[in-house]
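Student: Below you'll find the structure I mean.
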Amino acid sequence: MAAIARTVASRKETLSAFYTSNVEFYLYGQGTFAKFVANLKQIPRGERSVVIRSVFGRYGYGRPGDASTSHLHSVSDLVGGFADGRFSSYGQLVAGR
């Protein structure tokens with residue numbers, strides 16, 4: 001992700017969307033979500049930059065009856081919310097979008 005950040009910055013561009021699928025679920029489980037957020041924070045972004053995530057019902061986080069749903073989350077809100085403790089768990093992250 002550091003290389004992506006450098007490339008985007010060198011082109012004087014900003015992130016539009018970053019698709020994470022459901023990797024955040026696993027990053028929280030492995031205790032590495034903070035590192036992901038620190039890397040994401042380095043990518044130049046605008047006020048409309050978003051993360052697109054897939055949330056799977058089989059883990060109890062999706063909508064009832066759906067196998068998965070897609071969520072949009074402002075990158076700035078994700079980074080700020082993690083820093084201020086609003087997203088200290090995966091459940092808080094997917095509920096607080």
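The values are calculated or read from the model by the stated rules, or taken from the named source; none is laboratory data. Just so you know, these numbers come straight off a predicted model, no measurement behind them. Ideal geometry is used to build each Cβ from the backbone, glycine not excepted, and the neighbour counts take in all protein chains shown.
Student: Would you please name the residue that is nearest to Gln92 (Cα to Cα), looking only at residues in the range 17-49 that are of a type in the set (Gly, Ala, Ser) and within 13 Å of the chain's Cα centre (by Cα)? Outline the logic, then answer.
Tutor: Just the residues of the range 17-49 that are of a type in the set (Gly, Ala, Ser), to begin with: 17, 21, 29, 31, 34, 38, 46, 49.
Checking which are within 13 Å of the chain's Cα centre (by Cα) leaves us with 17, 21, 34, 38, 49.
Details: Ala17: 21, Ser21: 17, Ala34: 14, Ala38: 18, Ser49: 20 Å.
Of everything passing the filter in the range 17-49, Ala34 is nearest to Gln92 (Cα to Cα).
Student: If you don't mind, another one. Identify all residues within the range 1-41 that are in a helix (DSSP H, G or I) and surrounded by 16 or more Cβ atoms within 10 Å (Cβ to Cβ); write none if there are none.
Tutor: Ala5, Val8, Glu24, Phe25, Leu27, Tyr28, Phe33, Phe36, Val37, Leu40, Lys41
Student: So, in the range 18-37, exactly how many residues are of a type in the set (A, V, I, L, M, F, W, C) and touching a Leu at 6+ places or on another chain (Cβ under 8 Å)? Outline the logic, then answer.
Tutor: Within the range 18-37, the first condition is being of a type in the set (A, V, I, L, M, F, W, C), and the residues that meet it are 18, 23, 25, 27, 33-34, 36-37.
Right, trim to touching a Leu at 6+ places or on another chain (Cβ under 8 Å) and you get 18, 33, 36-37.
Matching residues across the range 18-37 total 4.
Student: Of the conditions (1) over 19 Å from Asp77 (Cβ atoms); (2) at pLDDT below 95, Ala9 clears all except one; give me its number.
Tutor: Here Ala9 clears every test but (2).
Student: Can I ask one more? From (1) of a type in the set (Phe, Trp, Tyr); (2) surrounded by 14 or more Cβ atoms within 10 Å (Cβ to Cβ); (3) modelled with pLDDT under 95, pick out the condition that doesn't hold for Phe82.
Tutor: (3)
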